[in-house]
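The values are calculated or read from the model by the stated rules, or taken from the named source; none is laboratory data. Here the structure is a predicted model, which is why all the values come from computation and not from measurement. Counting neighbours? That spans all protein chains shown, and the Cβs are built from the backbone with ideal geometry, glycine included.
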Amino acid sequence: MDPVRTLDTGIASGVVTVLVDEPGGGSSTIQTPAAEFEAADRGVAIGRRFIPWHRVRRYEWDLPPKEFAEEHRVSARVRLVLDDVNGTAEEHVVSADGFETGAFAVTMLLDDVVDTDHGTVMVRRVGIPWHHVREYERIPADAHADRAMAPERPDA
């Protein structure tokens, strides 16, 4: 058995951090071992405690570091616009390979820290309940190439 992954959820072992909206305003943070966390159809289970989706702002956990690759390949991306804690827009552009939509939340992979000494990148998986998603847009890999090569007039 691989000690870095749990068998049933695929969540990396370690700590999951859940940001929860509190009644009356404000928010709190709950940290729990990944083995005690589960995203379900009506909210998240943290051990024996259950928090409904309408109170969950986001959940996240660190994945094992990956090797830094200086590839400059053009890949499809997703632009994701969220409501942040203050209700203003928070925008992320992520690789389409690191973005998933589910029935209750979207998840994205965010590269956090580059360790140049070891040639690794720290990756964080972030889940956002749908009620905090303003919109998302899929951006094709060739989006920039199309604009650069398009003629100014259709009859040109």
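Here are some notes:
Each row is one residue, and each column tells you yes or no for (1) at pLDDT below 80; (2) in contact with a helix residue (DSSP H, G or I) (Cβ under 7 Å, 6 or more places away or on another chain); (3) surrounded by fewer than 16 Cβ atoms within 10 Å (Cβ to Cβ).
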position: PRO3; (1), (2), (3): yes, no, yes
position: ILE11; (1), (2), (3): yes, yes, no
position: THR17; (1), (2), (3): no, no, no
position: SER28; (1), (2), (3): no, no, yes
position: GLN31; (1), (2), (3): no, no, yes
position: ALA34; (1), (2), (3): no, no, no
position: ASP62; (1), (2), (3): no, no, no
position: GLU67; (1), (2), (3): yes, no, yes
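Listed here are the residues, each with its yes/no results for (1) exposed (fewer than 12 other Cβ atoms within 10 Å of the Cβ); (2) small (Gly, Ala, Ser); (3) under 15 Å from the mean Cα position of the chain (by Cα); (4) not in a helix (DSSP H, G or I).
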{"position": "ASN86", "(1), (2), (3), (4)": "yes, no, no, yes"}
{"position": "GLU91", "(1), (2), (3), (4)": "yes, no, yes, yes"}
{"position": "VAL94", "(1), (2), (3), (4)": "no, no, yes, yes"}
{"position": "ASP97", "(1), (2), (3), (4)": "yes, no, yes, no"}
{"position": "GLU100", "(1), (2), (3), (4)": "no, no, yes, yes"}
{"position": "MET108", "(1), (2), (3), (4)": "no, no, yes, yes"}
{"position": "ASP117", "(1), (2), (3), (4)": "yes, no, no, yes"}
{"position": "VAL121", "(1), (2), (3), (4)": "no, no, no, yes"}
{"position": "ARG125", "(1), (2), (3), (4)": "no, no, yes, yes"}
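- Filter result (over 29 Å from VAL16 (Cα atoms) and modelled with pLDDT of 70 or more) within region 126-149: ILE139, PRO140, ALA141, ASP142, ALA143
- Residue in region 80-94 that is at pLDDT below 95 and on the phi > 0 side of the Ramachandran plot present: yes
- Qualifying residue in region 61-83 (condition: in a loop (DSSP other than H, G, I, E, B), within 22 Å of PRO33 (Cα to Cα) and not acidic (Asp, Glu)): no
- Cβ-Cβ under 7 Å pairs, at least 6 apart or on other chains, region 108-126 side closer than 21 Å to ALA96 by Cβ, far side at pLDDT 75 or above and among the polar types (S, T, N, Q): ARG125/THR107; VAL126/THR107
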